[in-house]
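Input: one structure, supplied below.
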Amino acid sequence: MQVTLSVIKADVGSVGGHTLPSAEMLETVRQTVESGRETAGLLDVAVMHTGDDMAILMSHTRGVGCAEVHGLAWTAFQRATAVARGQGLYGAGQDLLKDAFSGNVRGLGPAVAEIEFNERPSEAFVLFAADKTEPGAYNLPLYLAFADPMHSPGLLLSPDLSEGFTFRILDVEHTEGDRAITLNAPEDLYDLAALLRDTHRYVIESITSRRCPGEPSVSVSTTRLRNIAGKYVGKDDPVALVRVQKIFPATEEVGAPYALIPFVAGDTRGSHNMPLMPVPVNTPASAFFCVPIVSALAFSMHGGKFGRPADLFAEPFWEEVRRRASAKAMEMRRQGFFGCSMLPMSELEYGGITERLGRLDRQFRIEIPKRTRRHGNGRAATPAAAVGLAGSLAGR
Ligand code: 13P
Ligand code: MG
Ligand code: MG
């Protein structure tokens with residue numbers, strides 16, 4: 001059976017700052033998708049949140065970019081926006097950047113990741129949802145799971161994985177259409193690393209098997225809200241779908257890289273580098289500078305039905321990882337705005353600092369060095385003050 005998984009997520013308002021959606025907003029989204037389920041042709045649907053972002057996961061047979069499926073998610077987020085406004089919540093409608101729906105939520109604000117495939121007898125997949133970070137945050141965990149045998153033993157142990165994987169990487173700085181490159185692991189490993197290190201610009205969009213050419217495993221949302229809005233309106237809190245097991249890395253191979261707790265862009269005002277903390281699903285954003293968070297739900301889908309998922313980062317192992325993530329976060333925040341703690345200018349986009357630097361720039365003066373006197377022999381005379389300084393230093 002040919003099934004499409006569509007996950008569409010948006011931040012349309014949250015309680016007391018950028019924390020979590022209200023219970024009423026979540027209920028509105030659930031009711032909307034439940035009531036429109038048949039018309040949109042959904043096989044199953046699940047609603048959850050990570051921080052202030054609500055995600056709607058849908059299975060259907062209508063293919064990627066289906067207007068009815070996207071339209072149902074758009075309507076649900078619009079209604080949740082109305083609820084958020086009615087409750088006076090913060091940032092109501094934040095990610096709905098356009099007024100009119102035109103057949104697809106891409107380019108309108110919500111993040112979307114979709115995959116179409118022939119459902120396997122045991123179809124296992126993981127939904128990752130992150131808050132207070134950018135799509136490039138998945139670059140390293142996905143690279144480690146799909147290309148590095150030091151982290152992903154299946155690449156050595158399983159003949160199904162030994163031929164490697166094909167990565168499609170998007171240049172998200174490019175705004176006129178998709179600018180993409182396709183690279184293969186393992187032979188293009190260094191090229192992959194050279195691109196993936198630049199998480200603000202180069203983002204893994206999809207990964208497919210080489211054993212079964214074209215068979216999709218990964219789909220990452222690659223929205224850049226700032227490319228749509230033309231200004232900072234929040235980070236592009238990304239979702240990702242990863243099919244696992246058999247010809248793909250195992251659930252534990254795609255989960256384990258998060259124990260590395262990589263520093264990613266995001267955090268308070270979307271302007272810092274902070275560690276990515278793995279958390280259970282439906283966790284609110286942290287009052288400790290909105291440290292970037294990621295949740296992972298593993299599903300077994302059968303006939304397009306989800307069943308009860310496993311909340312991967314809820315079990316005891318991840319408590320120690322969270323403790324270390326907190327320690328890393330506190331250490332980094334101790335240096336405030338300094339150096340690598342705050343993002344480079346190109347990623348800040350907060351008007352305040354740009355205005356300040358613009359004003360300071362106008363205050364800079366170019367000072368032309370004083371001309372040195374010349375003796376008759378052509379050698380430059382040493383100014384008396386410089387002699388005094390050199391003499392006193394030499395005497396130490
Ligand atoms: P969100 O993108 O999650 O709304 O966060 C915005 C922000 O700037 C938090 O400090
Ligand atoms: Mg928000
Ligand atoms: Mg968010």
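Considering only the stretch 29-72, state which residues are part of a loop (DSSP other than H, G, I, E, B) and without any contact (Cβ under 8 Å) to a residue 40 or more places away in the chain.
Gly41
Among residues belonging to the stretch 1-28 that are open to solvent by 10 Å² or more (accessible area, probe 1.4 Å) and in a helix (DSSP H, G or I), point out the one that is farthest from ligand 2 (Cβ to nearest atom).
Glu27
Still on this structure: Go through the stretch 176-204 residue by residue and tally those that are open to solvent by 80 Å² or more (accessible area, probe 1.4 Å) and among the β-branched types (Val, Ile, Thr).
Adding up the residues that qualify gives 1.
Among the residues of the stretch 1-18, write down those that are over 14 Å from Leu96 (Cβ atoms), under 17 Å from the mean Cα position of the chain (by Cα) and within 10 Å of ligand 1 (Cβ to nearest atom).
Of everything in the stretch 1-18, just one residue is over 14 Å from Leu96 (Cβ atoms), under 17 Å from the mean Cα position of the chain (by Cα) and within 10 Å of ligand 1 (Cβ to nearest atom), namely His18.
Same structure again: Quick one: is Ile247 more than 28 Å from Ala325 (Cβ to Cβ), in contact with a Cys (Cβ under 8 Å, 6 or more places away or on another chain) and away from ligand 3 (no atom under 16 Å from the Cβ)?
yes
Let me spell it out: the conditions are (1) within 24 Å of the chain's Cα centre (by Cα); (2) part of a loop (DSSP other than H, G, I, E, B), and Phe77 meets all of them except one. Which number is the exception?
(2)
Still on this structure: Out of the stretch 74-121, which residues are hydroxyl-bearing (Ser, Thr, Tyr) and either under 29 Å from Ile204 (Cβ atoms) or within 16 Å of ligand 2 (Cβ to nearest atom) (or both)?
Residues satisfying the conditions are Thr81, Tyr90, Ser102.
Count, please, the residues in the stretch 215-238 that happen to be at pLDDT 95 or above and either more than 26 Å from Phe263 (Cβ to Cβ) or open to solvent by 40 Å² or more (accessible area, probe 1.4 Å) (or both). Can you show your working first?
Within the stretch 215-238, the subset at pLDDT 95 or above is 215-221, 237-238.
So of that shortlist, the ones also either more than 26 Å from Phe263 (Cβ to Cβ) or open to solvent by 40 Å² or more (accessible area, probe 1.4 Å) (or both) come out as 215-216.
Going through the stretch 215-238 one residue at a time, the tally reaches 2.
Looking at Ser295, Ser300, can you tell me which residue is within 20 Å of Val218 (Cα to Cα), open to solvent by less than 10 Å² (accessible area, probe 1.4 Å), of a type in the set (S, T, N, Q) and assigned to a strand (DSSP E or B)? First the steps, then the outcome.
Values: Ser300 fails: open to solvent by less than 10 Å² (accessible area, probe 1.4 Å).
Result of the check over Ser295, Ser300: Ser295.
Of everything in the stretch 263-292, what is away from ligand 3 (no atom under 15 Å from the Cβ) and open to solvent by less than 20 Å² (accessible area, probe 1.4 Å)? Give them in sequence order.
Across the stretch 263-292, the qualifying residues are Pro275, Pro278.
Is it the case that the stretch 29-44 has a residue that's more than 16 Å from ligand 2 (Cβ to nearest atom), on the phi > 0 side of the Ramachandran plot and open to solvent by 20 Å² or more (accessible area, probe 1.4 Å)?
Yes, that holds for at least one residue.
Which numbered condition trips up Val172, out of (1) crowded, with 18+ Cβ neighbours inside 10 Å; (2) closer than 25 Å to Pro344 by Cβ; (3) at pLDDT 95 or above?
(3)
Considering only the stretch 33-63, state which residues are closer than 17 Å to Gln2 by Cβ and either within 16 Å of ligand 3 (Cβ to nearest atom) or in contact with a Lys or Arg (Cβ under 6 Å, 6 or more places away or on another chain) (or both).
If the condition is that a residue be closer than 17 Å to Gln2 by Cβ and either within 16 Å of ligand 3 (Cβ to nearest atom) or in contact with a Lys or Arg (Cβ under 6 Å, 6 or more places away or on another chain) (or both), then Gly41, Asp44 are the ones that fit.
Test Asp99 against the criterion of being assigned to a loop (DSSP other than H, G, I, E, B) and more than 16 Å from ligand 3 (Cβ to nearest atom), and give yes or no.
yes
Could you tell me whether any residue of the stretch 44-54 is touching an Asp or Glu at 6+ places or on another chain (Cβ under 7 Å), within 29 Å of Arg120 (Cα to Cα) and within 16 Å of ligand 1 (Cβ to nearest atom)?
Yes, the stretch 44-54 has at least one match.
Let me ask another. Which pairs turn up if I take residues in the stretch 309-334 that are within 19 Å of Ala265 (Cα to Cα) and look for partners that are modelled with pLDDT of 95 or more and polar (S, T, N, Q) with beta carbon separation below 6 Å, at least 6 apart in sequence or on another chain?
Met332/Ser341
Which of the residues that make up the stretch 239-261 are open to solvent by 20 Å² or more (accessible area, probe 1.4 Å) and either touching a helix residue (DSSP H, G or I) at 6+ places or on another chain (Cβ under 7 Å) or in contact (Cβ under 8 Å) with a residue 60 or more places away in the chain (or both)?
Hits for the stretch 239-261 are Gln245, Lys246, Ile247, Thr251, Glu253, Ala256, Ala259, Leu260.
Residue by residue through the stretch 64-92, note down the ones that are more than 16 Å from Ala113 (Cα to Cα) and either aromatic (Phe, Trp, Tyr) or within 16 Å of ligand 3 (Cβ to nearest atom) (or both).
Residues satisfying the conditions are Phe77, Ala80, Thr81, Ala84, Leu89, Tyr90, Gly91, Ala92.
The values are calculated or read from the model by the stated rules, or taken from the named source; none is laboratory data. Since the model is a prediction, treat every value here as computed from it, not as a measurement. Cβ: placed from backbone, ideal geometry, glycine included. Neighbour counts: every protein chain shown. Just so you know, the surface numbers come from the protein's heavy atoms only, side chains and all, with ligands and any DNA or RNA stripped out. Shrake-Rupley method; radii C 1.70, N 1.55, O 1.52, S 1.80 Å.
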